[in-house]
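To keep things clear, I will list the structure first and then write my remarks on it.
The values are calculated or read from the model by the stated rules, or taken from the named source; none is laboratory data. Keep in mind that this is a model prediction, so the values were computed, not measured. Note: ideal-geometry Cβ built from the backbone for every residue, glycine included; neighbour counts use all protein chains shown. Only protein heavy atoms, including side chains, enter the accessible area calculation; ligands, DNA and RNA are left aside. Shrake-Rupley method; radii C 1.70, N 1.55, O 1.52, S 1.80 Å.
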Amino acid sequence: MASILENDAIDKLPMAELSVTLDLFLEPVLKHLPEKRLREVGKLAVQGVLGGQSPLVTQMARGVVREDETVWPTAKRLYRFVWNPRFSHRDLLKGLYGIAQRTVAAHAPSHLVVALDPVNFEKPYTEKLEGVSTVMKSTPPGPGGEKRLTSGYPAMTAAVVNLAEPVVTYANWFSYRTADFVSENREIYRAIRITRALFPSAKLRFVADSGLDDQKIFAQMSLVNAEFVIRARHNRRVEVYNDRLDRWEEELLDDLITTVPLSLKLRVAFTHARRVRVVDREVGWLKIRLPQTQQVLWALVAHDPRSGHDLVLLTNMPIHSAADAKTAYTEWRHRPQIEHTYRFDQEDGLDVEDMRVQTMERMRRIFVLVLLAALFVYHIAYAWPQPMVLWLRNLGGKLGLSSDLDGPYVLLAGISAVFLTASTLAFAAQHPFPRSGGTYG
């Protein structure tokens, strides 16, 4: 009777649909694992991250359907997966990149906008973990609102941000103190090269914040035949062409910016603190050349007439018209999408910083599993019919108010609720709650 009630209850949940979708989604990952048992546990691991909304193995075990009296047997399976010497995190990464190739092929975009972004993950008070480094964090800020130094690990990610669902083309959790670390620039080069290797014939356009304002990185982009739009950080010396004298002349970039004619006016919308703000921008552009490398670039200036602030972008995209300038500026505005994905991995979503394994290899495996779980949530939002997605969001806590947002957090909570409910029903069917009899006296 208990099993009948359990089946009736589970049939009302989208457990079968989630399981089938997860199987198809993880197919490129699971085929890189060496045996069937590991493939089964690999799927359970991603399901556990979703169900537990956590990278902790014991929390992951709670989100998996089980019949044992405790979570320990399931947790042991997951621990053995994280420790197993028959594969490495690179096998999981191959599957992650396979998902990227499959998704891009399905969407067939005219070009790929790839955001590059280094990020630091905090492990406060940690001193003895393998490779623990000193990293700079700005969120949450220090006592005076400034950036602060703390224990943690750096990571580098590249993600395609101009599709309906994000995909990752490079990911690495690394350390400044291990033997395999060369430099952060090398991580950036690897992200560029691997993205090109995954999409050898695609038109690539990399976008990045001012941390990647480096002439060596500009040259690396050209080597892989890719375009880029990167926010300027340095007041470097550049050359500008003097038509009257028919020669290149050297100037400081900041001095040139003040002379650029702002011939294009745009009205753009920014979302900040859950509010959409419409602002005006005046845009101008200028052709420049780097003295050291002779690389020809364009400086794009987006001027805020209200504050007087100038946003300066450097690009190798030829800008010959207002339409070209608008395209370059619009492409760069895709970049914050990668930060939204990081926050989903890092904060109230999947809380990747809470992982408590103790070696770099195990951390890297958990990191990839968390990325797969995050991408699966975005995939559900895109691939499932909207009534089904809305059902999950209502289960996850959507209030039905005008202030509601339809981001990944509420959807993750709904998916987690389905997995936890199925796990609870399966456990209760085998181990009913031991209600005590009546009392005497």
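Over the stretch 1-148, what portion of Cα pair distances is larger than 23 Å, expressed as a whole percent? I get 57 percent for the Cα pairs in the stretch 1-148 exceeding 23 Å.
Shape class of the stretch 126-209 from the Cα gyration tensor (axes a ≥ b ≥ c, square roots of the eigenvalues): oblate, since a/c reaches 1.5 or more and a/b does not exceed b/c.
In square nanometres, what is the average projected area of the Cα convex hull of the stretch 305-441?
Working: hull surface 74.5 nm².
Over every viewing direction, the Cα hull of the stretch 305-441 projects on average to 18.6 nm².
Classified by the C-alpha gyration tensor, the stretch 73-227 has an oblate form. Its axis ratio a/c, with a ≥ b ≥ c, is 1.5 or above, and a/b does not exceed b/c.
Tally Lys and Arg at +1 and Asp and Glu at -1 over the other residues with C-beta under 14 Å from the C-beta of Pro261: what net charge comes out? Value of the local net charge: 0. Would you mind pulling out the separation of the Cα centroids of the stretch 151-194 and the stretch 242-265, in Å? Comparing the Cα centres of the stretch 151-194 and the stretch 242-265, I get a distance of 35 Å.
Calculation over all alpha carbon pairs of the stretch 207-309 in 10 angstrom steps from 0 returns a P(r) of 12, 39, 33, 13, 2, 0 percent.
Equivalent-ellipsoid semi-axes for the stretch 99-165 (Cα gyration tensor, √(5λ), whole Å, largest first): 34, 15, 8.
Taking the longest Cα principal axis of the chain as reference, the axis of helix 322-332 is set at about 40 degrees. Helix 2-11 and the long axis of the chain differ in direction by around 20°, with both axes built from C-alpha atoms. Give the Kirkwood hydrodynamic radius (Å, one decimal) of the stretch 240-284, defined as one over the mean of 1/r across all pairs of different Cα atoms. Every distinct Cα pair counted, the radius reaches 13.4 Å. Working from Cα positions, state the angle (0 to 90°, nearest 10) between the long axis of helix 386-396 and the longest principal axis of the chain. Roughly 70 degrees, rounded to the nearest 10.
Computed about its Cα centre, the charge dipole of the chain is approximately 600 debye, with only Lys, Arg, Asp and Glu carrying charge at their Cβ.
For the pair the stretch 28-65 / the stretch 269-331, the C-alpha centres are spaced 44 Å from each other. Direction-averaged projected area, Cα convex hull, the chain: 28.2 nm², rounded to one decimal. Computed over protein heavy atoms with a 1.4 angstrom probe, the accessible surface ordering of Thr271, Thr178, largest first, is Thr271, Thr178.
For the stretch 253-347, divide the Cα radius of gyration by the Kirkwood radius and give the resulting Rg/Rh value with two decimals.
Details: Rg = 15.1 Å, Rh = 14.8 Å.
We get a ratio of 1.02 for the stretch 253-347.
Which whole-number value in Å² is the accessible area per residue of the chain, probe 1.4 Å?
Ligands and nucleic acids excluded, the result is 50 Å² per residue.
Neighbours of Asp304 by Cβ distance under 15 Å: Lys/Arg scored +1, Asp/Glu scored -1, total +4.
Which shape class applies to the stretch 179-219: rounded if a/c is under 1.5, otherwise prolate when a/b exceeds b/c and oblate if not, where a ≥ b ≥ c are the square roots of the Cα gyration tensor eigenvalues?
Note, shape of the stretch 179-219 comes out oblate.
Ranking of Tyr176, Tyr189, Tyr329 by solvent-accessible surface, largest first: Tyr176, Tyr189, Tyr329 (1.4 Å probe, protein heavy atoms only, all chains present). Comparing Ile99, Pro124, Asn162 along the charge dipole axis of the stretch 73-164, the residue lying farthest to the positive side is Ile99, per the Cβ-charge model. Note on exposure: Trp332, Trp285, Trp83 ranked by accessible area (1.4 Å probe, complete protein assembly) read Trp83, Trp285, Trp332, with the most exposed listed first. For the stretch 267-320, the calculated P(r), taken from all Cα-Cα distances in 10 Å bins from zero up to the bin holding the longest distance, is 22, 38, 26, 12, 1 percent.
What do you get for Rg/Rh over the stretch 322-374 if you use C-alpha atoms and the Kirkwood form of Rh? Don't skip to the end; give the middle numbers.
Working: Rg = 16.3 Å, Rh = 13.1 Å.
Rg/Rh: 1.25.
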